[in-house]
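The values are calculated or read from the model by the stated rules, or taken from the named source; none is laboratory data. Owing to the predicted nature of the structure, the values given are computational and were not obtained by experimental measurement. Here the Cβ positions follow ideal geometry from the backbone for every residue, glycine too, while neighbour counts run over all protein chains shown. Areas reflect the complete protein model, heavy atoms only, side chains present, ligands, DNA and RNA absent. Shrake-Rupley method; radii C 1.70, N 1.55, O 1.52, S 1.80 Å.
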Amino acid sequence: MDEQPLQPSAQLQPSSFMNRAVNVFTSPGELYTEIASTPTQKSTWLLPLLLAIIVAMINSFVVNSNESFRQQTRDAQSKVYEKMVEKGWMTQEAREKQEIQDEAQKVPVVKVIAGSLFGSPILLIVGSFILFIVGKILKSPLSFPKYLELFGITLLIGILDTIITLVLMHALDSIYASPGGGLLLSSSFDPSKFSHRLIASVTVFGIWRQIVLGIGLSKFSGKSQSVTIPIVFVIWIVIVLGLVSLAGLFM
């Protein structure tokens with residue numbers, strides 16, 4: 001049975017950011033019940049966003065400064081060039097010339113910083129907006145800033161995903177090591193294959209995050225979790241398939 005959606009009350013006060021940060025991992029239902037019924041607290045999405053940018057920047061610098069990871073990236077790109085040669089999109093001479101350029105080229109610091117600065121904010125805004133639209137369809141009375149809180153606090157799950165992935169990459173000396181499908185492919189990963197890109201894009205933390213978002217959407221809309229969690233997963237699957245397919249255009 002559906003519940004009545006909660007509405008913010010000026011009499012209730014938000015808990016501390018640390019309490020909310022813990023609850024997104026341990027008690028998401030309690031967390032989103034509170035977020036839905038208390039005044040908007042910008043730190044709920046702003047602090048995770050800042051942390052996500054910092055962690056993304058550290059991750060980019062670490063990966064791009066590791067020669068083993070860079071070589072694995074070049075090997076993966078070489079497989080793409082090989083496919084292009086087979087399809088007649090590139091000559092063997094052009095492939096060899098491009099591989100020489102890739103060997104000498106380093107990722108500009110500006111590009112690393114730009115990717116880290118813009119990636120997380122775009123994810124936050126787009127993700128929050130999609131959930132806001134879905135919430136309106138489900139008759140949620142809450143405004144867009146509330147959905148920034150709903151989505152923003154889950155950036156902490158993404159941060160944990162990045163940290164654990166980085167640890168696994170160094171422990172196993174593989175850019176494909178991650179708490180998910182990428183670990184299964186190991187050295188056999190071929191970026192030109194749709195199935196490989198799709199498997200590598202799915203992680204335990206990604207699945208966990210969708211469940212938490214579904215719980216939040218339930219608390220915001222008053223709909224059952226058996227309704228909201230599948231909705232969130234369908235949206236996520238469509239987005240992942242779209243991004244994986246788009247990546248294939250550059251392969």
Practice task
Kindly establish whether VAL227 is at pLDDT below 95 and either surrounded by fewer than 16 Cβ atoms within 10 Å (Cβ to Cβ) or aromatic (Phe, Trp, Tyr) (or both).
Solution key: no
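To keep it simple, each residue is scored yes or no on (1) touching a Leu at 6+ places or on another chain (Cβ under 6 Å); (2) in contact (Cβ under 8 Å) with a residue 12 or more places away in the chain; (3) more than 21 Å from ILE237 (Cβ to Cβ); (4) not β-branched (Val, Ile, Thr).
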{"position": "ILE163", "(1), (2), (3), (4)": "no, yes, yes, no"}
{"position": "GLY181", "(1), (2), (3), (4)": "no, yes, no, yes"}
{"position": "LEU184", "(1), (2), (3), (4)": "no, yes, no, yes"}
{"position": "ASP190", "(1), (2), (3), (4)": "no, yes, yes, yes"}
{"position": "ARG197", "(1), (2), (3), (4)": "no, yes, no, yes"}
{"position": "SER201", "(1), (2), (3), (4)": "no, yes, no, yes"}
Completion exercise
Selection from region 172-183 of residues part of a helix (DSSP H, G or I) and closer than 30 Å to GLY152 by Cα yields GLY181, GLY182, LEU183
Practice task
Considering every residue within region 204-217, establish whether at least one is among the aromatic types (Phe, Trp, Tyr), open to solvent by 60 Å² or more (accessible area, probe 1.4 Å) and either within 21 Å of GLY119 (Cα to Cα) or part of a helix (DSSP H, G or I) (or both).
Solution key: yes
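Matching residues to (1) surrounded by fewer than 17 Cβ atoms within 10 Å (Cβ to Cβ); (2) at pLDDT 95 or above; (3) more than 23 Å from the chain's Cα centre (by Cα):
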residue	(1), (2), (3)
MET1	yes, no, yes
GLN4	yes, no, yes
ARG20	no, yes, no
ASN23	no, yes, no
PRO28	no, yes, no
ALA56	no, no, no
VAL62	yes, no, no
GLN71	yes, no, yes
TRP89	yes, no, yes
